[in-house]
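Everything on this sheet refers to the single structure shown next.
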Amino acid sequence: MDAAASTSTSDALDEPEDFTWAYLPDVCLRRVFRFLPDRDRARAALVCRHWNRIMYSPDLWRFRSFSFSGRSSKSRRSEFESAVWYAKKFGSYLENLEIKYTNPHNSLVSKRFQAAMRTFLAVLRKDNSRLRSFTISYLELDRAAWSQSVRNALLKSLCLFLRRESRHLEYLNFKGARVSLPQGCTLLSSVGHSERNSSISELNIEDFFCMPIAVHAHTLFSQTLARFQNLSKLSLNYACISDEVLETLATSCASTLRTLSVKCHVHEPHSQVVWGFSWAKLASCSSDLRVNFYFERLMKSDRLSRILLPEIPIRSLSLTNCYFGDADWTVKPTLVELLPNYKASLQRLTLDFNNSHESIDNELLGLILLCSKLYYLKIWAFLEVRFIETLLQNRQENKCVFRTLKVRIYTQRYETNEEDSLLQQVQSQYRELIDNELNYFVIPYPLM
C-alpha cells in the first residue's frame with residue numbers, strides 16, 4: 001500500500017513538464033498579461049513565440065487610459081513617448097481611449113503635450129477604425145500655461161481626429177476643456193460634420209466652455225447641438241440651458257434622451273429665464289427623462305427657485321457649499337417650499353453645507369418622509385444624533401424607503417466622544433436593519 005502511494009507520488013514529481021507555463025491556456029496567459037505594465041509586457045514577449053503572439057492579442061489593448069501631469073520633470077517626456085509608442089504599436093486595436101492632462105503648469109510642458117498628442121492622434125487617425133469611446137478631460141485651455149498658438153494647434157489636431165473617428169464613436173467626453181464658444185462649437189461640429197446623424201449616444205461637455213461665457217445667449221450652441229440626434233445621456237452646465245436648447249433636445253433627441261445632467265456653479269451665468277413649458281415639453285417628448293442637478297455654492301433659495309421649476313422631472317439633486325458659512329443664508333425655504341415639488345420623482349439627494357447658525361433636523365426629516373422614491377441620502381451638515389435615531393426608526397416602520405445613508409455630523413468641537421457614544425447606542429438599537437437592509441455610514445466630524 002505504502003509502496004503504491006510512493007510510486008504514484010514519484011510519478012507526479014517526474015512529470016513537471018505537463019504543468020509548465022508553456023502549456024498554460026491562452027485565456028489564462030492573456031489574463032496574466034493584463035496585469036503587466038507596457039515595459040514588462042514587451043519583455044515577456046521576448047520569452048518565446050507563443051508569448052509574443054499573446055502580446056498582440058487585440059483584447060489586451062482595447063482600453064487605454066493615459067494620465068499626464070502638467071508639472072515639468074524628466075519622467076514626463078517618457079510618458080509622452082510611451083503614448084506615441086502605444087499608438088504606433090497597438091493603436092489599431094483601440095476601442096476605448098481616455099486622456100487626462102491635469103494642472104497645466106507652464107507653456108513648455110503644454111507645448112510638449114500638444115506635440116505628443118499631434119503625433120498620437122495622427123497615428124490613430126490613420127490606423128484605427130474601432131474607437132467607440134473617447135475622453136480627453138481637464139485640459140483647462142483658458143489657463144495661462146496655454147499659449148494661443150499651442151491651444152489652436154491642439155484643437156486643430158482634435159478636430160482632424162474626430163472627423164475621421166466620429167463614424168463609430170458612441171461616447172465623447174470633453175469635461176473641463178474650458179474653451180471659447182467658437183472653438184467649442186467648432187470642435188463639436190467636427191463630430192457631426194457629415195450629412196449622416198452623429199452616432200454619439202453619450203456626450204459630456206460639463207465645464208467645456210470658459211466659465212464667464214453665457215452660452216445660452218448664443219444660437220450657435222443650439223445649432224451645433226442639433227447635430228447630435230442619438231443622445232441618450234447629456235451632461236452640461238446650466239450656462240448652456242435656454243428655451244431654444246430645450247426645444248432642440250425635444251426635437252432632435254425625443255426618442256432617445258434618457259438622462260440630462262446639469263451643473264450650476266455660483267460664478268457662472270445662471271440668471272437666464274427658462275420657462276417651465278419648455279421643460280414640460282422636453283419631459284413629455286422624452287417620457288423616461290431623468291434630470292440631475294448639481295449646484296456648487298449656489299444655495300440661496302431665491303436663486304434656486306428661478307432654476308428649479310416644478311415642471312422638471314428631477315431624479316437626483318446635489319447642493320454643496322463645502323465649508324463656506326453665511327449667517328444671512330437659510331436653507332429652510334429650500335427644504336420646505338422648493339424640494340417638495342419633486343416628492344414623486346426625487347431618488348438621490350446630496351446635501352453638504354455649513355448650517356451652524358440654524359437647526360434643520362425637523363425640516364430635513366419632513367422632506368425625507370415626503371419623498372416616496374428617495375433611496376439615496378448623503379448629508380454633511382450640523383445635525384443632532386437624535387436625527388439619525390428618528391430617521392432609522394421611520395425606516396424600520398417603512399415610512400421612508402432609503403437604502404443608502406451616508407451622514408457626516410458636523411460639530412464645533414474637536415472632541416467627538418459624546419457623539420461617538422450616542423451613535424454607537426443608535427447603531428446597536430438598529431443593528432439588524434443596518435446590517436441587512438442599508439448601506440450605512442454615519443460619523444461625527446469636527447468643523448471649526
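Filter region 382-427 for residues that are surrounded by 13 or more Cβ atoms within 10 Å (Cβ to Cβ) and under 19 Å from K343 (Cα atoms) and give the result. Within region 382-427, L391, N394, R395, C400, V401, F402, R403, T404, L405 qualify. Mind checking which residues of region 439-448 are open to solvent by less than 70 Å² (accessible area, probe 1.4 Å) and outside any loop (DSSP other than H, G, I, E, B)? Selection gives Y440, V442, I443, P444, P446. The numbered conditions (1) in contact with a Ser or Thr (Cβ under 6 Å, 6 or more places away or on another chain); (2) part of a loop (DSSP other than H, G, I, E, B); (3) within 26 Å of A145 (Cα to Cα) are all true for D207 except (1). Of all residues in region 253-277, those that are outside any loop (DSSP other than H, G, I, E, B) and surrounded by fewer than 21 Cβ atoms within 10 Å (Cβ to Cβ) total 6. How many residues does region 162-189 contain that are more than 21 Å from the chain's Cα centre (by Cα), open to solvent by less than 50 Å² (accessible area, probe 1.4 Å), over 19 Å from Q114 (Cα atoms) and at pLDDT 90 or above? Result for region 162-189: 3.
A count restricted to region 256-273 and to residues that are in contact with a helix residue (DSSP H, G or I) (Cβ under 8 Å, 6 or more places away or on another chain) and closer than 15 Å to R297 by Cβ stands at 5. Of all positions in region 87-97, at least one carries a residue that is open to solvent by 50 Å² or more (accessible area, probe 1.4 Å), free of Cβ contacts under 8 Å to residues at least 24 places away in the same chain and either assigned to a helix (DSSP H, G or I) or not aromatic (F, W, Y) (or both).
Open to solvent by 80 Å² or more (accessible area, probe 1.4 Å) and either part of a strand (DSSP E or B) or under 23 Å from L349 (Cα atoms) (or both), is that true of N436? Let's see the steps before the verdict.
Details: open to solvent by 80 Å² or more (accessible area, probe 1.4 Å): yes; either part of a strand (DSSP E or B) or under 23 Å from L349 (Cα atoms) (or both): yes.
Yes.
Are any of the residues in region 100-110 outside any strand (DSSP E or B), crowded, with 20+ Cβ neighbours inside 10 Å, in contact with a Phe, Trp or Tyr (Cβ under 6 Å, 6 or more places away or on another chain) and not basic (K, R)? Within region 100-110, one or more residues are outside any strand (DSSP E or B), crowded, with 20+ Cβ neighbours inside 10 Å, in contact with a Phe, Trp or Tyr (Cβ under 6 Å, 6 or more places away or on another chain) and not basic (K, R).
When V262, V245, V266 are checked against the criterion of being aliphatic (A, V, I, L, M) and over 25 Å from L162 (Cβ atoms), a single residue qualifies: V266. The number of residues in region 305-324 that are open to solvent by less than 80 Å² (accessible area, probe 1.4 Å) and over 26 Å from S284 (Cα atoms) comes to 4.
Taking (1) in a loop (DSSP other than H, G, I, E, B); (2) modelled with pLDDT under 95 in turn, L346 satisfies each apart from (2). Taking first residues from region 404-426 that are assigned by the TED database to the domain that holds V442 and over 19 Å from K378 (Cα atoms) and partners that are open to solvent by less than 40 Å² (accessible area, probe 1.4 Å) and of a type in the set (A, V, I, L, M, F, W, C), the Cβ contacts under 6 Å between residues at least 6 apart in sequence or on separate chains come to L422/V385.
Before we move on, is V215 closer than 22 Å to L249 by Cα and crowded, with 20+ Cβ neighbours inside 10 Å? Taking the combined requirement at face value, the residue satisfies it.
Hey, among D328, D302, D288, which residue is within 17 Å of S261 (Cβ to Cβ), exposed (fewer than 15 other Cβ atoms within 10 Å of the Cβ) and not small (G, A, S)? Walk me through it before giving the result.
Values: D328 fails: within 17 Å of S261 (Cβ to Cβ); D302 fails: within 17 Å of S261 (Cβ to Cβ).
Sole residue among the options that is within 17 Å of S261 (Cβ to Cβ), exposed (fewer than 15 other Cβ atoms within 10 Å of the Cβ) and not small (G, A, S): D288.
Suppose we filter R31, R64 for residues that are open to solvent by 70 Å² or more (accessible area, probe 1.4 Å) and at pLDDT 85 or above; which single one remains?
On the way: R64 fails: open to solvent by 70 Å² or more (accessible area, probe 1.4 Å).
Selected residue: R31, the only one of R31, R64 that is open to solvent by 70 Å² or more (accessible area, probe 1.4 Å) and at pLDDT 85 or above.
Inspection of region 151-158 identifies no residue that is of a type outside the set (S, T, Y) and more than 20 Å from K100 (Cα to Cα).
Go through the residues of region 362-381 one by one and say whether even a single one is within 21 Å of P446 (Cα to Cα), part of a strand (DSSP E or B) and either among the basic types (K, R) or open to solvent by 30 Å² or more (accessible area, probe 1.4 Å) (or both). Yes.
The values are calculated or read from the model by the stated rules, or taken from the named source; none is laboratory data. Quick caveat, the model's predicted, so the values are computed rather than measured. No Cβ is skipped: glycine too gets one built from the backbone with ideal geometry, and neighbour counts run over all protein chains shown. The area values use the complete protein model at the heavy-atom level, side chains included, leaving out ligands, DNA and RNA. Shrake-Rupley method; radii C 1.70, N 1.55, O 1.52, S 1.80 Å.
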